[in-house]
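Structure first, commentary second.
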């Protein structure tokens with residue numbers, strides 16, 4: 001798709017960014033000591049902190065990725081919403097208050113409070129860094145995906161822009177400004193998403209069966225002819241012959257071809273439904289055989305997201321309520337899109353997107369997405385992947401270093417509890433909205449086939465340009481907020497844990513803050529580079545990585561420390577390292593990574609399924625128990 | 001952790017019970033989806049299927065449990081005694 005930059009969007013966007021950076025400078029003058037820098041003097045009011053939790057947590061993955069996944073596959077994207085939110089229960093009921101009692105500024109402090117061990121500081125500091133970097137990558141990738149259509153700049157500009165703004169915010173003011181950035185962002189995101197849902201419900205569904213061309217039903221044998229429907233069939237060569245369900249027909253105006261997907265159409269009959277093909281060559285991009293563009297002999301990808309049939313054959317559903325929205329959709333037929341790759345002899349590839357007519361109630365239950373489709377089958381291994389992911393999401397929330405830090409910015413345990421409650425309420429409400437937004441985008445007729453991350457903003461655009469502008473700007477500040485929190489956690493890990501704790505470098509307060517700021521710049525720079533390198537990857541998938549690593553490395557150590565008296569420092573170190581290395585290793589050796597990152601044959605991958613959680617989390621627990629038992633102090637320790 | 005007061009201990013216990021309860025709910029959802037996916041398609045309330053109702057239920061349930069926790073937790077004394085004796089007689093919930 002070609003995007004027109006919207007000047008309203010640009011203006012609103014820069015206004016938002018300017019306001020948040022301005023706020024940061026204003027508040028920045030107050031945070032000079034490291035207590036101020038890291039934990040905002042412990043004085044953030046709990047309600048503000050609660051909404052800031054939401055702002056922190058609702059990252060690009062939540063807003064863009066989940067809505068995009070729901071828009072493409074239906075309910076399966078919502079599984080992420082459920083898992084992400086359920087993790088807060090672990091955070092609130094199991095971790096929250098014990099953590100607050102234990103530590104001062106960072107997660108590593110909490111693990112180390114009893115032992116004062118360099119090993120723990122090192123392991124926890126490294127773990128914080130690794131998880132933060134993994135979580136940063138999808139945010140930066142998301143930023144690039146947002147800027148491209150919004151401002152018309154290439155992907156890397158968005159990444160660099162986010163990096164610079166965030167580094168500025170973090171370096172000038174640390175936790176205080178990031179808390180307020182996140183509070184602002186959290187409120188705006190929830191409010192405008194709610195507005196969007198209300199407008200969406202008011203608009204209702206429209207049936208659009210003729211959005212794309214279809215030929216037939218014709219007899220199956222007719223497909224092998226050299227002419228169909230009066231049009232010449234382009235010969236199947238150059239890789240196309242490997243896909244006999246794809247047919248290319250010539251066009252009257254000679255601009256490229258029209259490509260169709262052959263689908264069953266009843267007894268002995270088939271229907272040809274229009275597909276779209278993107279071919280990447282050395283000279284550029286071809287859409288359906290013609291160069292990408294808006295000129296006379298150029299083509300662009302058509303936006304998708306249509307309903308083929310509404311219940312009772314009506315053409316318009318009229319305004320819908322929150323329940324009738326689902327019921328109407330369940331009785332409709334929607335057009336989803338899937339893709340396949342055609343490899344050509346000159347080593348170029350074409351990605352062909354073809355229609356998949358789907359009954360509405362199939363997008364309202366789990367199992368439509370290829371990664372989860374196996375839950376509908378018999379094989380146990382297919383279910384393991386799903387179970388493993390749900391476990392990682394459930395455990396991951398409480399293990400994220402940048403979330404845990406936020407507990408320390410309120411006065412006491414009661415305030416921490418209250419702020420988490422406010423956080424859960426806002427986040428939960430937002431996730432309910434995501435299901436409406438995602439399904440609305442699925443049927444809005446404005447989705448971009450090549451970038452599902454844009455589903456929610458494009459939905460807004462189909463309703464109002466103003467709303468598109470605002471939502472895009474909010475999405476961008478979403479990324480700003482999350483990235484600030486992450487860079488803060490990493491700079492804390494470097495300055496506080498690794499430098500001071502492990503290497504024993506002792507510094508006066510303002511020097512510590514200075515080191516933290518330098519660390520923030522370095523981590524920010526690394527994030528920019530990685531965000532550019534990983535730009536092809538799916539944002540939600542990357543976040544799943546971060547959750548799995550966090551849940552394996554951090555949670556077992558933290559939980560056992562809080563609840564098992566025989567935990568030793570060697571046990572903690574071993575558990576963190578084993579959890580981190582095993583989950584990382586598993587991910588790097590999984591078929592998804594082979595395919596999307598290295599470009600190797602996924603069949604060669606070592607890991608039996610993609611999500612490590614169900615193996616690596618118990619492994620880390622077991623490691624802690626075994627090592628702790630092996631390293632019990634010689635005399636009997638009496639614990640009250 | 002010898003320095004926990006009684007209120008902190010009972011709060012922690014409450015938290016763990018609520019967590020266990022939610023864990024059962026969550027497991028129910030996950031196991032149903034993995035092993036009895038057809039059940040998730042059945043309409044249960046107002047024409048909505050179980051997947052949607054259960055999914056929303058988990059989200060709303062999380063909030064309800066959090067609120068219950070907030071209301072039932074006893075306030076903690078400002079000075080935490082170091083030998084675990086409760087020094088406070090605040091009995092109302094601290095969710096103002």
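The values are calculated or read from the model by the stated rules, or taken from the named source; none is laboratory data. These numbers come from a predicted model, not from an experiment. Positions of Cβ are generated from backbone atoms using ideal geometry, with glycine treated the same way; all protein chains shown enter the neighbour counts.
List of remarks:
- Of the strands (runs of 3 or more DSSP E) contained entirely in the stretch A:243-322, those carrying at least 1 residues that are more than 19 Å from residue A:448 (Cβ to Cβ) and in contact (Cβ under 8 Å) with a residue 12 or more places away in the chain fall at A:246-250, A:257-264, A:269-281, A:306-309.
- Once the stretch A:463-476 is narrowed to residues that are within 10 Å of residue A:199 (Cβ to Cβ) and assigned to a helix (DSSP H, G or I), the residue that is nearest to the chain's Cα centre (by Cα) is A:467.
- Any hit, the stretch A:335-353, residues being loosely packed, with under 14 Cβ neighbours inside 10 Å and touching a helix residue (DSSP H, G or I) at 6+ places or on another chain (Cβ under 7 Å): no
- Selection count where residues are in contact (Cβ under 8 Å) with a residue 60 or more places away in the chain, closer than 19 Å to residue B:67 by Cα and either crowded, with 18+ Cβ neighbours inside 10 Å or at the interface with another protein chain (Cβ under 9 Å from one of its Cβ atoms) (or both), scope the stretch B:1-56: 3
- Residue match in the stretch A:536-559 (condition: over 21 Å from the mean Cα position of the chain (by Cα) and in a loop (DSSP other than H, G, I, E, B)): no
- Looking only at the stretch B:30-51, and only at residues there that are in a helix (DSSP H, G or I) and more than 16 Å from residue A:86 (Cβ to Cβ), the one that is modelled with the highest pLDDT: B:50
- Residue match in the stretch A:366-376 (condition: within 12 Å of chain B (Cβ to nearest Cβ), free of Cβ contacts under 8 Å to residues at least 12 places away in the same chain, assigned to a helix (DSSP H, G or I) and over 22 Å from residue A:304 (Cβ atoms)): yes
- Candidates A:572, A:532: the one that is out of contact with any strand residue (DSSP E or B) (no Cβ under 8 Å at 6 or more places or on another chain), at pLDDT 75 or above and closer than 20 Å to residue A:481 by Cα is A:532.
- Selection count, the stretch A:396-414, where residues are surrounded by fewer than 24 Cβ atoms within 10 Å (Cβ to Cβ), more than 9 Å from chain B (Cβ to nearest Cβ) and at pLDDT 75 or above: 0
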